[in-house]
Amino acid sequence: MKSAYQIIHKPVITEKGLGIKENQNTLVFQVAPKATKTEIKQAVQSIFKVKVRSVRTANYPGKERRRGKFTGYRPDWKKAFVRLKSGEKMPEYAQNL
């Protein structure tokens, strides 16, 4: 079984991600591509000590990138939208933006 830090790679800090964090009580993370919703839920609960209401995931294919005449692809990745139960304190991971 993977540890919580192997499942959750990093928070997605974008304008949209910070907006739903404030308005919808939802956190956005980049997670391991093979992680399940149950594993993501348990990982967030153990790292941040909060109760999770629901988890939604989305898979993103890697984009093509070029360096002169050489082409390649960025890796595929998975995004998780983790909604917290009402009354839970929102963890702060993007304070200095």
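Evaluated against (1) crowded, with 16+ Cβ neighbours inside 10 Å; (2) of a type in the set (D, E, K, R); (3) under 24 Å from LYS2 (Cα atoms); (4) in contact (Cβ under 8 Å) with a residue 60 or more places away in the chain, LYS21 falls short on exactly one condition, (3).
Applying the condition of being among the small types (Gly, Ala, Ser) and over 15 Å from TYR93 (Cβ atoms) to the range 20-55 and asking which residue is farthest from the chain's Cα centre (by Cα) yields SER46.
For the structure I just gave you, tell me whether THR26 is of a type in the set (S, T, N, Q), on the phi < 0 side of the Ramachandran plot and without any contact (Cβ under 8 Å) to a residue 40 or more places away in the chain. It is false that THR26 is of a type in the set (S, T, N, Q), on the phi < 0 side of the Ramachandran plot and without any contact (Cβ under 8 Å) to a residue 40 or more places away in the chain.
Of everything in the range 17-37 that is touching a strand residue (DSSP E or B) at 6+ places or on another chain (Cβ under 8 Å) and assigned to a helix (DSSP H, G or I), the residue that is nearest to VAL55 (Cα to Cα) is LYS37.
In the range 73-91, which residues are loosely packed, with under 10 Cβ neighbours inside 10 Å and free of Cβ contacts under 8 Å to residues at least 12 places away in the same chain? Selection gives GLY87 alone. Answer with yes or no whether ALA58 is within 16 Å of the chain's Cα centre (by Cα), within 25 Å of SER3 (Cβ to Cβ) and not in a helix (DSSP H, G or I). Spelling it out, ALA58 is indeed within 16 Å of the chain's Cα centre (by Cα), within 25 Å of SER3 (Cβ to Cβ) and not in a helix (DSSP H, G or I).
Since every read-out is calculated from the coordinates, none of them should be taken as a lab result. None of the values given here were measured: they were computed from a predicted structure. Glycine gets a Cβ as well: all are built from the backbone with ideal geometry, and neighbour counts include every protein chain shown.
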